[in-house]
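A quick write-up on the structure given underneath.
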Amino acid sequence: MELYSKLLEVSRLFRIEHEYLGYETIQVGNVNQTYKVNFKRADGSPKSYLIQNVNTYAFQNPEGLMSNIDKVTEHIRGKKSGQVALHFHHTADRATYVLDGENFWRLTNYVPSVTYNVAHNMDIVRNAGIAFGDFQRSLADFDINNLVETIPGFHQTRQRYDEFCKAIEEDRAGRVAQAKEEIDFLLSVKEQACKMTDMYLAGELPLRVTHNDTKINNVLFNPQTDEPMVIIDLDTVMPGLLGHDFGDAIRFAANFEEEDSRNLEKVGVNLAVFRAFTEGFLSQTLQFMTEKEIETLPLSCFVLAVELATRFLADYLNGDLYFNIKCPDHNLVRARCQAALAKDMLAKMDEMEKIVRNCCSEFGR
């Protein structure tokens, strides 16, 4: 069946009965296939939705994934009466997906908006912090036991280090010699990088609902005001530590360079971005965060940079089996960039801690 007809069929299964006008392919995103499907309502006004064909190779438990997403989005939606919220539609039998042979379809509301891959405007960075903080605040009372762990051990740093050490030992692609400096650094900071995992296992940090992909381009902003509206790309929503979301957002947004930059002398954490995001994030989360969670926010940035460096470098040593690459040493370049960022974060840890404390004081804590 041609795509035009297939998208109409999927829409009808999700009980969309408006007059079908056609679809547009959305090019953003490297994992799922996304389409904007357009309709005309009975009164003549336009109405659009997003249909995605979920990549079940990347997400091997799509039913569990959609169960998590449905529960989380409906919980948030229940608190956003009259406001824009993400809503995944249900079929007649209340399923949030349509399984069609090898295809796994879902449909959600379309939100007219603007996104930013990078943001040099600190107001936008602060608003991104507000958005991810609001996500946490809205789910602070969510029963974490209602979620499944769709990617086991995703931020279990000691497990990541075990995989990294195995890649070093096996040296499948014969590349250990080329990465000796990076290997030595990452092994030297292992205990510090694993501190948050150890604190969780010791009962010092609570599990929260975490997004686990807190890039600024996963925030939809109002095109007129740049105010945040909704968080998207919820495929990795599952139980985790609050610092995982904060640290990953900083790792991505506050680096002076792109995450695969070869200009290592320019790599580092932009403290202006760190401060703006922290202000926005804490304005929404400080009221319910534990003292230990607050203390680990600066550390979380270092942890996420190191963890990703071990993943990039392990993949390089294994022969580039997981991450897509654009050149033979792409994963090595990525690992070097994250390692350089982690080193700069260590050097600026005192300043980052001071910024967090100052923000806490500003908000009365």
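Some observations on this one:
- Sequence-ordered 3J(HN,Hα) estimates for the stretch 356-365 from the Karplus curve with 6.51, -1.76 and 1.60 and θ = phi - 60° stand at 4, 5, 4, 5, 4, 5, 4, 9, x, 9 Hz, glycine and proline given as x.
- Sparsely packed trypsin sites (Lys or Arg not before Pro) within the stretch 104-193, loop by DSSP, other Cβ within 10 Å at most 14: 172
- Members of 80/343; 215/354; 40/215; 80/215 lying beyond 31 Å, as alpha-carbon distances in this model show: 80/343; 40/215
- Solvent-accessible area of the chain (1.4 angstrom probe, protein heavy atoms only): carbon and sulfur portion equals 47 percent.
- Using the Cβ of residue 208 as centre and a radius below 10 Å, the other residues enclosed give a net charge of -2, where K and R count +1 and D and E count -1.
- Projecting the Cα atoms of 243, 201, 186 onto the charge dipole of the chain, computed from C-beta unit charges around the Cα centre, puts 243 farthest toward the positive end.
- Placing a label point 7 Å from the Cα of residue 3 along the Cα-to-Cβ line, the residues of the stretch 21-51 whose backbone N sits under 19 Å from it are 21-39, 48-51.
- Rounded, prolate or oblate (a/c below 1.5 giving rounded, otherwise prolate when a/b exceeds b/c) for the stretch 1-123 by Cα gyration tensor: rounded
- Neighbour-limited loop hits for GluC sites (Glu not before Pro), the stretch 1-108 (at most 14 other Cβ within 10 Å; DSSP other than H, G, I, E, B): 2, 17, 102
- Nitroxide proxy distance, nm - points 7 Å out along Cα→Cβ at residue 45 and residue 264: 5.7
- With the whole protein complex present, residue 93 retains an accessible surface near 120 Å², based on a 1.4 Å probe.
- The residues of the chain have, on average, 46 Å² of accessible surface per residue, using a 1.4 Å probe with all protein chains present.
- Total formal charge among the other residues, if their Cβ is under 13 angstrom from that of residue 238, Lys/Arg +1 and Asp/Glu -1: -2
- Backbone amide hydrogens, once placed in the peptide plane, bring residue 255 within less than 5 Å of 270, excluding anything fewer than 5 places away on its chain.
- For a modelled paramagnetic label at residue 123, 7 Å from Cα along Cα-to-Cβ, the residues of the stretch 227-250 in reach, with backbone nitrogen under 13 Å, are 227-228.
- With Cα atoms, 0 to 90° folded angle of helix 271-285 axis to the chain main axis: 60
- Label assignment, Rg/Rh (Cα atoms, Kirkwood Rh) derived from the structure, set (i) 0.94; (ii) 0.98; (iii) 1.02: (ii)
- Added length on full extension, which subtracts the Cα-Cα distance from 0.36 nm per residue, residue 26 to residue 90: 20.8 nm
- Net charge over other residues, Cβ less than 14 angstrom from the Cβ of residue 253 (K, R count +1; D, E count -1): -4
- Given their separation in residues at 0.36 nm each and the Cα-Cα distance between them, residue 100 and residue 61 gain 12.5 nm when the chain is fully extended.
- Rounded to the nearest 10 Å², the accessible area of residue 349 at probe 1.4 Å: 20
- Mean ellipticity per residue at 222 nm, deg cm²/dmol - from DSSP H runs of n ≥ 4 across the chain, formula -39500 (n - 2.57): -14000 deg cm²/dmol
The values are calculated or read from the model by the stated rules, or taken from the named source; none is laboratory data. Remember, it's a predicted structure, so these values are computed and weren't measured experimentally. Here Cβ is always computed from backbone atoms with ideal geometry, including for glycine, and neighbour counts include all displayed protein chains. Only protein heavy atoms, including side chains, enter the accessible area calculation; ligands, DNA and RNA are left aside. Shrake-Rupley method; radii C 1.70, N 1.55, O 1.52, S 1.80 Å.
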